[in-house]
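Okay, structure first, notes after.
Here, each number is a calculation from the coordinates, and none is a lab measurement. The structure displayed is predicted, hence computed values, not measured ones. Because the Cβ atoms are built from the backbone with ideal geometry, glycine has one as well, and the counts that use them run over all protein chains shown.
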Amino acid sequence: MGMSMIAGKSWKALLETISGHRPIDLRKVTYCGVRDLSEDQRCNLEHSGAKFIYGHVDEGILNDFDFGGQLDRLLSPGSSVPTLIHLDLDCLDTSLGLANEYATPGGLEDHDLLSCFDIVAAERQAVGLTIASFNPLLEGGDVIARVAVNAIVRLAQGLTSKPS
């Protein structure tokens, strides 16, 4: 929903009340951890031009999917490309905790998220990071928060260590 709003695809009347808001072209967005989409949502995302890796989940199990490696193949080369990074925390596996009421089994482990952020930091010029879909009051909220903060710190370290 957040990216839909940023792209000017939903809540248009509300967005018109925000002075200076201009929709972002989704071709400048890299999603970290896309999964559990309806067929319509996936089709819309595929046609948006956004960069994403979709982990296929069978019966709640994501078997040995290399999110970082797949993202690396998708993004290389192009470190000069300005990119907005988007992370919905409900992409994290429910074994870590529940990011929100929509979390489902079969998501990314903490090492998957770190790998994705490492790749994005190396291959793109990050111009922003949006994080959505987190309810810290749910079971494991402290773990989800810790994973998110560690990933954000790792991303920031990767971006600041890049040669200019």
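Ellipticity at 222 nm from helices only: DSSP H runs of n ≥ 4 in the chain, each -39500 (n - 2.57), divided by the residue count, give -11000 deg cm²/dmol. Of the GluC sites (Glu not before Pro) in the stretch 96-163, the ones in a loop by DSSP (not H, G, I, E or B) with at most 12 other beta carbons within 10 Å are Glu101, Glu139. Given a Förster distance of 25 Å, report the FRET efficiency between Ala132 and Ser95 from their Cβ-Cβ distance, rounded to the nearest 0.05. In this case the efficiency is close to 0.75. Membrane-span-like helices in the chain (whole DSSP H runs, Cα extent of at least 18 Å along the helix axis, mean Kyte-Doolittle hydropathy of at least -0.5): 110-123, 141-160.
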